[in-house]
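Asker: The structure under discussion is supplied below as structure tokens; questions concerning it will follow.
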Amino acid sequence: MIDLEFAINTISLGSLYALLALGLVFVYGILKLINFAYGEYIMIAGYAMYVLGGFGYVPWYVTLLAAVLFAALVSYTTELVAFRPVRTKSMTAMLVTSFAVSIFLQNFVLITVSPRARAVKFPPVFSQTLTIAGATVPVRNLLIIGSTVVLLTLLTIVMKKTVLGIAMRAAADKFTTTRLMGVPANLVISATFIISGFLAGVVSVFWVSRSASVDPLTGSMPLLIAFIATVLGGMHSLQGAVIGGFVYGLLFNLLSIMLPATMISYRDAFMFVIVILFLLFRPEGIWRKGYTEERVG
């Protein structure tokens, strides 16, 4: 049934998926690289919450903020150590590097922590509910919506009003020309990875809070969702990523109420069918934008 509760849940899910897609497209816009290590940034932030949550004297808001910043730091470090040395090589080298970083981070937590899921402590507000016009809504969903509105507003201001944001937009359009005009390539790319990692950290807070646990494969599903959402919205624009996230959330929730109970487990398969149809009839995504495939060297 489509009612207020369905609408809020759909907006909440779409907001989470929009942030997921946005973090992936930020890197793709500059480097034309699908960073397969993006899911591991989400996973690493989850483990940061697990470790810090074990210290009872650390306030929960400090734990969450530290986890988000740690994800941004890991993202920047991987760009500095892994991606920057191979940036002038082939695109295949960049792609293989992203897989290598992903596998390295997964195995790092397997060795240092455990292959088993670990419980993550969250404040009570994440499990509370509110009644709005007769609809029962988890407070976590409202937090997701509010956080997304704030982040999208801040990112819009940064991208349109700051020198760094203008440089990033120009680099996403014509990287070589932008570089010839004196814009430092390393600064733009590093800033892109930091923003991507920061978004991954925010997503991790809400993604991990749904099960209150984290394991080495926690980032696999968010990465897949981010990729599908960008295909739907358009991988060549930030607006397309946001739209794709909300469209994915809407379709996912509609399938949840339209499919028979016996077919709910096949919901992901139906989503892939929709994506394939999209690739066949509208490969550029919902948000049309002129673009050129310029590889960064």
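Asker: Criterion first (farther than 16 Å from Ser213 by Cα and out of contact with any helix residue (DSSP H, G or I) (no Cβ under 9 Å at 6 or more places or on another chain)) does Ser102 satisfy it?
Answerer: So Ser102 does not fit the description; no.
Asker: Also, quick follow-up: Of all residues being touching a Leu at 6+ places or on another chain (Cβ under 9 Å) and outside any helix (DSSP H, G or I) in segment 216-247, which is surrounded by the most Cβ atoms within 10 Å (Cβ to Cβ)? Just the residue, please.
Answerer: Only one residue fits best here, namely Gly219.
Asker: Next question. Return the pairs, sorted by first residue and then second, in which the second residue is β-branched (Val, Ile, Thr) and surrounded by 15 or more Cβ atoms within 10 Å (Cβ to Cβ), the first residue lies in segment 71-91 and is under 16 Å from Ile42 (Cβ atoms) and in contact (Cβ under 8 Å) with a residue 24 or more places away in the chain, the beta carbons are less than 8 Å apart, and the residues are 6+ apart or on different chains.
Answerer: Ala71/Ile42; Ala71/Ile44; Ala72/Ile194; Ala72/Ile195; Val74/Ile44; Ser75/Ile194; Tyr76/Ile194; Thr78/Val101
Asker: Moving on to the next point. Being more than 22 Å from Thr153 (Cβ to Cβ) and among the hydroxyl-bearing types (Ser, Thr, Tyr) is the filter here; which residues of segment 227-259 pass it?
Answerer: Residue satisfying the conditions is Ser256 alone.
Asker: Additional query: Within segment 233-242, is there a residue that is in contact with a helix residue (DSSP H, G or I) (Cβ under 9 Å, 6 or more places away or on another chain) and more than 19 Å from Lys32 (Cβ to Cβ)?
Answerer: Yes: one or more hits.
Asker: Could you grab me the full set of residues in segment 56-79 that are in contact with a Ser or Thr (Cβ under 7 Å, 6 or more places away or on another chain) and under 14 Å from Val27 (Cα atoms)?
Answerer: Pass one, segment 56-79, residues in contact with a Ser or Thr (Cβ under 7 Å, 6 or more places away or on another chain): 67, 71, 75-76, 79.
Result: Ser75, Tyr76, Glu79.
Asker: Continuing with the same structure: Working only within segment 275-297, note down all residues that are modelled with pLDDT of 75 or more and surrounded by 14 or more Cβ atoms within 10 Å (Cβ to Cβ). Write out each step before concluding.
Answerer: Applying the first criterion (modelled with pLDDT of 75 or more) to segment 275-297 yields 275-287.
Those that are modelled with pLDDT of 75 or more and surrounded by 14 or more Cβ atoms within 10 Å (Cβ to Cβ): Val275, Phe278, Glu284, Gly285, Ile286, Trp287.
Asker: Out of the helices (runs of 4 or more DSSP H) lying entirely within segment 1-114, which hold 2 or more residues that are within 22 Å of the chain's Cα centre (by Cα) and surrounded by fewer than 17 Cβ atoms within 10 Å (Cβ to Cβ)?
Answerer: Working: elements: 4-31, 38-53, 60-78, 91-112.
Fully inside segment 1-114 and qualifying: 60-78, 91-112.
Asker: OK, next. Which of the residues spanning segment 159-183 are under 20 Å from the mean Cα position of the chain (by Cα), in contact (Cβ under 8 Å) with a residue 12 or more places away in the chain and either surrounded by fewer than 17 Cβ atoms within 10 Å (Cβ to Cβ) or under 27 Å from Leu13 (Cα atoms) (or both)?
Answerer: Residues of segment 159-183 under 20 Å from the mean Cα position of the chain (by Cα): 159, 165, 168-169, 172.
Going one step further and asking which of them are in contact (Cβ under 8 Å) with a residue 12 or more places away in the chain, we end up with 159, 168, 172.
Listed by number, the list holds a single entry, Met159.
Asker: If Leu33 satisfies all but one of (1) free of Cβ contacts under 8 Å to residues at least 40 places away in the same chain; (2) touching a Ser or Thr at 6+ places or on another chain (Cβ under 8 Å), what's the number of the condition it fails?
Answerer: For Leu33, the failing item is (1).
Asker: OK, next. Given the criteria among the β-branched types (Val, Ile, Thr), modelled with pLDDT of 90 or more, within 19 Å of Ser209 (Cα to Cα) and in a helix (DSSP H, G or I), does Thr148 qualify?
Answerer: Working: among the β-branched types (Val, Ile, Thr): yes; modelled with pLDDT of 90 or more: yes; within 19 Å of Ser209 (Cα to Cα): yes; in a helix (DSSP H, G or I): yes.
The answer is yes for Thr148.
Asker: Can you tell me which residue is modelled with the lowest pLDDT among those in segment 167-215 that are in a loop (DSSP other than H, G, I, E, B) and in contact with a strand residue (DSSP E or B) (Cβ under 9 Å, 6 or more places away or on another chain)? Can you show your working first?
Answerer: The first filter runs over segment 167-215 and keeps only residues in a loop (DSSP other than H, G, I, E, B), leaving 174, 181-184, 212, 215.
Checking which are in contact with a strand residue (DSSP E or B) (Cβ under 9 Å, 6 or more places away or on another chain) leaves us with 212, 215.
Values: Ala212: 91, Asp215: 94.
Across segment 167-215, the extreme among qualifying residues is Ala212.
Asker: Kindly indicate whether any position in segment 248-270 is closer than 30 Å to Lys121 by Cβ, crowded, with 22+ Cβ neighbours inside 10 Å and at pLDDT 85 or above.
Answerer: yes
Asker: Counting only residues that are in contact (Cβ under 8 Å) with a residue 60 or more places away in the chain, of a type in the set (Gly, Ala, Ser) and more than 13 Å from Asn35 (Cα to Cα), which one in segment 184-210 is surrounded by the fewest Cβ atoms within 10 Å (Cβ to Cβ)?
Answerer: Filtering first and then ranking leaves Ser190.
Asker: In segment 78-97, is there at least one residue being under 18 Å from Pro216 (Cβ atoms), touching a helix residue (DSSP H, G or I) at 6+ places or on another chain (Cβ under 8 Å) and among the aliphatic types (A, V, I, L, M)? Lay out the reasoning, then the answer.
Answerer: Residues of segment 78-97 that are under 18 Å from Pro216 (Cβ atoms), as a first pass: 78.
Those left that are additionally touching a helix residue (DSSP H, G or I) at 6+ places or on another chain (Cβ under 8 Å): 78.
If we keep only those that are among the aliphatic types (A, V, I, L, M) as well, we get none.
No; the residues of segment 78-97 include none that is under 18 Å from Pro216 (Cβ atoms), touching a helix residue (DSSP H, G or I) at 6+ places or on another chain (Cβ under 8 Å) and among the aliphatic types (A, V, I, L, M).
The values are calculated or read from the model by the stated rules, or taken from the named source; none is laboratory data. Note that the structure is predicted; figures quoted are calculated from it, not measured. Every residue, glycine as well, gets a Cβ built from its backbone with ideal geometry; the counts of neighbours run over all protein chains shown.
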